[in-house]
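*Asks:* Please read through the structure below; I'll follow up with questions.
The values are calculated or read from the model by the stated rules, or taken from the named source; none is laboratory data. Note that the structure is a prediction, hence the values are computed from the model and not measured. Please note: Cβ atoms are built from the backbone with ideal geometry, for glycine as well, and neighbour counts cover all protein chains shown. Accessible surface areas use protein heavy atoms only, side chains included; no ligands, DNA or RNA. Shrake-Rupley method; radii C 1.70, N 1.55, O 1.52, S 1.80 Å.
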Amino acid sequence: AVGVAHSFDRARLAAAPELVFELGRTRKRVGSARRVLVEPGLSFSAPGGSLQTDLVVFALDGPPNARVLEAGKPPREGDRVRLLGIPASNPHDEDDLFGTVHGSDADRLEIELDVYADLRGWGGAPIVAKPDDRVIGVVQAATPSGRTLRITATPIATVMAASAAQPPIHG
């Protein structure tokens, strides 16, 4: 399970014996983690921080009771994508938003959403390529862009490389 470090309170995370992942509205438990693969890094907005350091990766205790997403290839400018997240005010377990890739390199993705949306709590949400639904990145930030939002994201290859480079940290 992947998240963005700036979304977590480090002290509470360190003190928690277990992290439970739940659906949005129904609160159905879909997984848990007691181990961290990549410790929470430095927020991208902090001095010295970047989209590559603002990650946390958890080792799930077992197979999730939800759809499993697989990593995809880097997108190209103009590719259509979908963000998957838990809506802040919509009575659903999951929502999706569509957009277009406006910039893509090894360090950063820029996505222009089709519509404006309340993205509170969407930090770390997966961005999947259309039509294959493979993950291309994780949401870091959103800024207004005309009548929509511009999403800044960490490419999934960065997450995969960070996970592969770290031995599991227990506890």
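*Asks:* Sort out for me the Cα centre separation of the stretch 24-98 from the stretch 129-144, rounded to whole Å.
*Replies:* For the stretch 24-98 versus the stretch 129-144, the Cα centre distance is 10 Å.
*Asks:* So how do ASP133, ASP9 rank on accessible area, 1.4 Å probe, biggest first, that is with the largest at the start?
*Replies:* Result, largest first: ASP9, ASP133.
*Asks:* Grab the beta carbon distance between ALA161 and ALA88, set R0 = 30 Å, and tell me the FRET efficiency rounded to 0.05.
*Replies:* Result of the calculation: an efficiency of 0.45.
*Asks:* Then there is this: Could you check how much of the accessible area of the stretch 69-171 is carbon and sulfur, as a whole percent, using a 1.4 Å probe?
*Replies:* Of the solvent-accessible surface of the stretch 69-171, carbon and sulfur hold 52 percent.
*Asks:* Measuring with a 1.4 Å probe in the full set of protein chains, what accessible area per residue, in whole Å², belongs to the stretch 32-166?
*Replies:* Per-residue value: 51 Å².
*Asks:* Also, quick follow-up: Give me the one-decimal nm value for the distance between modelled label points at ARG134 and LEU23, 7 Å along each residue's Cα-to-Cβ direction.
*Replies:* Label at ARG134, label at LEU23, 2.8 nm between them.
*Asks:* Now for a separate question. Rounded to the nearest 10 degrees, what's the angle between the helix 156-165 long axis and the longest principal axis of the chain, both from Cα atoms, 0 to 90?
*Replies:* Rounded to the nearest ten degrees, it is 20.
*Asks:* Return the equivalent ellipsoid semi-axes of the stretch 55-103 as a descending list in whole Å, where each equals the square root of 5 times an eigenvalue of the C-alpha gyration tensor.
*Replies:* Those come to 23, 19, 10 Å.
*Asks:* Let me ask something else. May I ask you to evaluate 6.51 cos²θ - 1.76 cosθ + 1.60, the Karplus curve with θ = phi - 60°, for each residue of the stretch 100-107 and list the ³J(HN,Hα) values in order in whole Hz, giving x for glycine and proline?
*Replies:* So the Karplus estimates, Gly and Pro as x, are 10, 5, 10, x, 8, 8, 5, 9 Hz.
*Asks:* As an exercise, take the mean of 1/r over every pair of distinct alpha carbons in the stretch 1-104, invert it, and state the Kirkwood radius in angstroms.
*Replies:* Evaluated on the stretch 1-104, it is 15.8 Å.
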